[in-house]
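Student: I have a structure I would like to understand better, so I am pasting it below and will then ask my questions one at a time.
Any read-out appearing in this document is the output of simple, stated calculations on the displayed coordinates, not a laboratory observation. Predicted, not measured: the structure shown is a model, and the values here were computed from it. Cβ atoms come from the backbone with ideal geometry, glycine included; neighbour counts cover every protein chain shown.
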Amino acid sequence: MMNVEKIRKDFPIFEKKKFIYFDNACMPLRPKVVIDKINEYYTEYPACAGRSYHDFGTRLTDEVANARDLVKKFIGAKKAKEIIFTKNATESINLVANSFKFNSVLTSDREHNSNLLPWQKFDHDVVKSKKDFSFDLESFSDKVKNFDIVSMVHTSNLEGYSLPVKEIIKIAHEQGAKVLLDGAQSVPHKEINVRKLDVDFLAFSGHKMLGPNGVGVLYGKEELLDGMKPFILGGETVSDSTYDSYKLEELPHKFEAGLQNYPGILGLGSAAKYLMKIGRNNIEKHENMLKSKIDIEGVEKIGHVGESGIFNFNIPGKGAHEVAMMLSASKNIMIRSGAHCMHSWFNSRNLEGSARASFYLYNTLEEIDTFVEELEKIKKL
């Protein structure tokens with residue numbers, strides 16, 4: 001079992017103010033080790049990696065390589081060169097959409113805009129959920145035979161429901177389709193091993209997993225990445241060029257154009273190391289336990305009801321933004337309200353949005369109790 005009080009001491013912001021932070025599916029807080037690593041870059045070796053052969057440059061090159069290796073270990077990849085640093089999960093998905101050769105794509109009906117909009121210019125279809133909002137594996141099996149690539153969310157940011165990705169990947173591969181998983185909400189909260197899953201691509205963001213903003217990852221199998229051409233070119237992506245030609249760099253550098261977000265990359269590596277030390281199995285159990293303690297009548301639960309670290313709901317007669325503002329004003333409880341970048345899901349069900357509380361490793365039972373008490377008060381207004 002995790003020592004939550006000890007973990008909270010790793011996060012400096014808890015010493016500065018009193019608040020309850022339940023907006024972790026959007027962006028969690030940062031531990032001191034991540035903040036220190038970012039500051040280390042600016043104060044000790046603020047240079048360019050891979051191109052400057054002086055003390056600062058060689059130190060940074062080694063630090064970036066170490067961060068890449070930590071991320072490789074974090075998701076169980078075979079080789080560090082299969083880890084491509086991007087701006088976020090959105091850019092990672094767009095990289096595949098613009099660089100991988102395919103004609104048709106199949107998604108689910110619960111995709112974040114990041115994993116929906118890039119595919120709409122192709123031959124695109126959607127697997128609709130069952131009545132209980134679970135994934136319809138039978139419908140998927142019927143449809144996937146007509147598609148080149150499957151791009152689906154692993155864990156939904158709507159209510160934390162996880163798709164049966166092992167079965168999805170197995171069935172897709174039997175039909176000759178490749179699979180990309182949007183792991184933005186899964187990678188920070190549960191153990192992921194890309195080799196055991198046999199997934200072809202995995203996209204995720206640093207800011208969802210205690211890391212800095214503006215850095216993300218695309219994992220891809222080496223043979224697939226080797227066959228892809230980058231859709232952004234510039235410095236670092238080529239080993240040589242003339243006025244009318246160029247020679248691409250090897251993996252991973254051919255996809256990492258221009259000056260990289262070095263402090264972000266180092267902070268991401270530090271976040272991965274921190275989460276591996278805590279253990280994501282422990283985090284997942286803790287989040288499930290917190291959600292299981294929410295016992296409140298008279299609220300409309302959104303999406304699939306099951307284990308996860310997200311509680312998505314509406315209170316009849318109250319708008320989602322109104323509920324969020326009331327919680328903020330009363331006990332400084334911070335939640336998310338709106339369509340959660342899943343406008344397609346809400347529009348298909350004639351809903352304007354919902355209120356979403358999402359939990360992480362530093363949240364406590366006492367915070368859950370306060371949350372439930374405040375919701376009871378709002379219901380009675």
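Student: Taking amide H positions as placed in the peptide plane 1.01 Å from N, state which residues far from Gly50 in sequence (5 or more) or on other chains have amide H under 5 Å from it.
Tutor: Residues meeting the criterion, in which the H sits 1.01 Å from N, are Thr61.
Student: To the nearest 10 degrees, how steep is helix 320-331 against the longest Cα principal axis of the chain, on a 0 to 90 scale?
Tutor: Its long axis makes an angle of about 80 degrees.
Student: (1) 54, 54, 46; (2) 72, 53, 35; (3) 61, 39, 37: which one is Cα extents along the principal axes in Å as calculated from this entry?
Tutor: Computed from these coordinates, Cα extents along the principal axes in Å corresponds to label (2).
Student: A further question follows. What is the sum of charges, Lys and Arg at +1 and Asp and Glu at -1, for the other residues whose Cβ falls under 15 Å from the Cβ of Gln120? Walk me through the numbers before you get to the answer.
Tutor: Details: positive: Lys121; negative: Asp109, Glu111, Asp123, Asp125.
Taking every Cβ under 15 Å from that of Gln120, the sum is -3.
Student: In region 268-321, how does Rg compare with the Kirkwood Rh, expressed as the Rg/Rh ratio over alpha carbon atoms?
Tutor: Values: Rg = 15.3 Å, Rh = 13.4 Å.
In region 268-321, Rg relative to Rh is 1.14.
Student: Once you charge only the Cβ atoms, +1 for Lys and Arg and -1 for Asp and Glu, what is the size of the charge dipole of the chain about its Cα centre, to the nearest 20 debye?
Tutor: Its charge dipole is roughly 520 debye.
Student: Taking Cα atoms, how many degrees apart are the long axis of helix 165-174 and the longest axis of the chain, rounded to 10 and kept between 0 and 90?
Tutor: Between the helix axis and the principal axis of the chain, the angle is about 50 degrees.
Student: Expressed as an acute angle from 0 to 90° and rounded to the nearest 10, what is the orientation of the C-alpha long axis of helix 89-99 relative to the principal long axis of the chain?
Tutor: 50 degrees
Student: Choose one answer from Ala172, Ala203, Ala329: the residue with the largest mean-square fluctuation in a GNM of the chain with alpha-carbon springs under 10 Å.
Tutor: Among Ala172, Ala203, Ala329, the largest GNM mean-square fluctuation belongs to Ala329.
Student: Mean residue ellipticity at 222 nm from the helices of the chain, using -39,500 (n - 2.57) per DSSP H segment of n ≥ 4 over the full residue count, to the nearest 500 deg cm²/dmol? Don't skip to the end; give the middle numbers.
Tutor: Values: 13 runs with 140 residues, N = 381.
It lands at -11000 deg cm²/dmol.
Student: When the convex hull of the C-alpha atoms of region 226-381 is computed, what volume per residue in Å³ does it have?
Tutor: Here the figure is 200 Å³ per residue.
Student: Skipping prolines and chain starts, which residues have an amide H placed within reach, meaning under 5 Å, of the one on Val153, given they are 5 or more residues away or on another chain?
Tutor: Ser108, Asp182
Student: Please state the relative contact order of the chain as a whole percent: Cα pairs under 8 Å, 6+ residues apart?
Tutor: 23 percent.
Student: Also, quick follow-up: Which value, in Å to one decimal place, does the Kirkwood hydrodynamic radius take for region 295-362 when every pair of different Cα atoms is included?
Tutor: One decimal place: 12.7 Å for the Kirkwood radius.
Student: Is region 126-263 best put as rounded, prolate or oblate by its Cα gyration tensor, with a ≥ b ≥ c the root eigenvalues, rounded for a/c under 1.5, and otherwise prolate when a/b is larger than b/c, oblate when not?
Tutor: Note, shape of region 126-263 comes out oblate.
Student: So which of Lys73/Lys291; Lys128/Lys170; Lys131/Lys301; Lys190/Lys221 end up more than 24 Å apart, counting from Cα to Cα? Could you put the intermediate results ahead of the total?
Tutor: Values: Lys73/Lys291 29 Å; Lys128/Lys170 19 Å; Lys131/Lys301 14 Å; Lys190/Lys221 21 Å.
From the list (Lys73/Lys291; Lys128/Lys170; Lys131/Lys301; Lys190/Lys221), the Cα-Cα distance tops 24 Å for Lys73/Lys291.
Student: Return the sequence-ordered ³J(HN,Hα) values of region 181-195 in whole Hz as given by the Karplus equation 6.51 cos²θ - 1.76 cosθ + 1.60 applied to θ = phi - 60°, using x for Gly and Pro.
Tutor: 10, 7, x, 4, 9, 9, 4, x, 10, 8, 5, 10, 10, 5, 6
Student: If each residue of separation counts as 0.36 nm, what is the full-extension length gain between Thr364 and Ser245 once their alpha-carbon separation is subtracted?
Tutor: So the chain would gain 37.0 nm between Thr364 and Ser245.
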